[in-house]
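**Student:** This is the structure I want to talk about, given as structure tokens.
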Amino acid sequence: MADTKVYLEGMKAPLGNGFNGLVVLDEERNILRFSESTERITGWKAEDAIGRYCREVFSSIGCDEVCPTKEVFKDGEPHSVELSYTPPQSDQRLTLMITATPMFDKAGKVIASVELIKDITETKRLVRDLEKARAILEKKVAERTAALKESEKRYRDLVEDISDGYFVLQDGKFVFANKAFCGLSGYTAAETIGTSLAGFIDPESLADVVRNCQSGLEGKPAPAEYELEATHKDGYRIWVEIRAKAAQYEGKAALIGILRDITEKKRMEKEMKDKIEELERFTRIAVDREERMNELKQKIKSLEERLKAKGQE
């Protein structure tokens with residue numbers, strides 16, 4: 001321990017008052033240095049902690065079996081461990097990430113361990129909350145999907161093959177629309193017959209619809225199905241999936257189409273997309289914090305090099 005004391009007495013720079021705690025331990029795991037940030041995390045004052053066996057300060061942490069400093073003195077490599085800790089005179093249970101890094105003398109012998117103590121309690125809570133939210137969302141999606149499938153099955157059982165909207169266009173005008181189509185659009189059959197898609201399809205999508213319809217009537221390649229926005233008679237917007245093809249209707253060229261309401265599907269896709277973006281934001285935060293930890297490790301390494309240089313003077 002004498003060599004360690006000489007080594008540490010040469011340190012001019014303080015451990016600092018960063019976000020994470022720093023503790024320096026000797027081979028017997030006695031505390032040699034104790035930063036201000038460690039005081040804030042643990043509730044101990046440096047003057048009370050220095051000189052004590054680390055187990056006395058971290059009495060509630062239960063790290064005897066997984067002590068990173070113990071491993072550092074065994075193999076000279078950094079070691080990390082995640083542990084729970086309750087500060088004295090506090091009921092709050094913290095989750096700490098402790099990373100021990102070796103300090104070497106000029107001969108390459110490990111003479112001290114620098115422990116970086118990171119309070120990850122809030123991070124763990126956020127992860128748990130996010131996992132709960134994801135589980136709830138997945139459950140709701142599964143329930144709604146099951147409900148939609150059951151509803152579709154009941155509807156198919158009732159109306160067989162006319163459960164979706166079915167329409168026929170000739171010369172750009174409706175000549176037939178079934179009850180399902182009328183229910184989806186809000187218009188009665190009488191209001192629909194003789195009108196064009198312009199009264200139903202969103203104007204921004206109408207140009208694509210007209211082009212695809214014309215291509216189909218001319219026998220040219222056209223999408224078999226596509227999704228677009230439409231406007232209900234009451235004024236609100238809905239998403240629909242259209243499958244259409246050129247055919248003959250009552251001896252004349254026509255475009256026959258099937259229409260399906262996919263508004264709920266689109267809403268769930270957006271909800272899932274938003275949740276994925278939330279997960280990606282959380283991941284970026286975690287990565288940023290890891291980068292800050294790496295920066296701190298580099299600073300520790302630089303400090304070690306300075307200490308070595310001091311020891312050589």
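**Student:** Which order, highest average first, do 111-118, 75-82 follow once you tally other Cβ atoms within 10 Å for each residue and take the mean per peptide?
**Tutor:** On the way: 111-118: 23.6, 75-82: 14.5.
The most tightly packed comes first, giving 111-118, 75-82.
**Student:** Could I ask something else about it? Beyond a 23 Å Cα-Cα separation, which of these cross-linked pairs lie in this structure: Lys45/Lys109; Lys233/Lys275; Lys118/Lys275; Lys109/Lys297; Lys220/Lys270?
**Tutor:** Lys45/Lys109; Lys233/Lys275; Lys118/Lys275; Lys220/Lys270
**Student:** Can you work out the Karplus-derived ³J(HN,Hα) for every residue in the stretch 187-194? Use 6.51 cos²θ - 1.76 cosθ + 1.60 with θ = phi - 60°, whole Hz, and x for glycine or proline.
**Tutor:** These are the phi-based 3J(HN,Hα) values: 9, 6, 4, 4, 6, 7, 4, x Hz.
**Student:** With a ≥ b ≥ c the root eigenvalues of the C-alpha gyration tensor of the stretch 164-267, is it rounded (a/c under 1.5), prolate (a/b larger than b/c) or oblate?
**Tutor:** Verdict is oblate for the stretch 164-267.
**Student:** Mind ranking 288-299, 164-175 by how tightly packed they are, going by the mean number of other C-beta atoms within 10 angstrom, highest first?
**Tutor:** Most protected by this proxy first, the peptides run 164-175, 288-299.
Only the coordinates and a few stated rules stand behind these numbers; no lab work does. Values in this document were obtained by computation on a predicted structure and should not be read as measured data. So basically every Cβ, Gly included, is an ideal-geometry build from the backbone, and we count neighbours across all protein chains shown.
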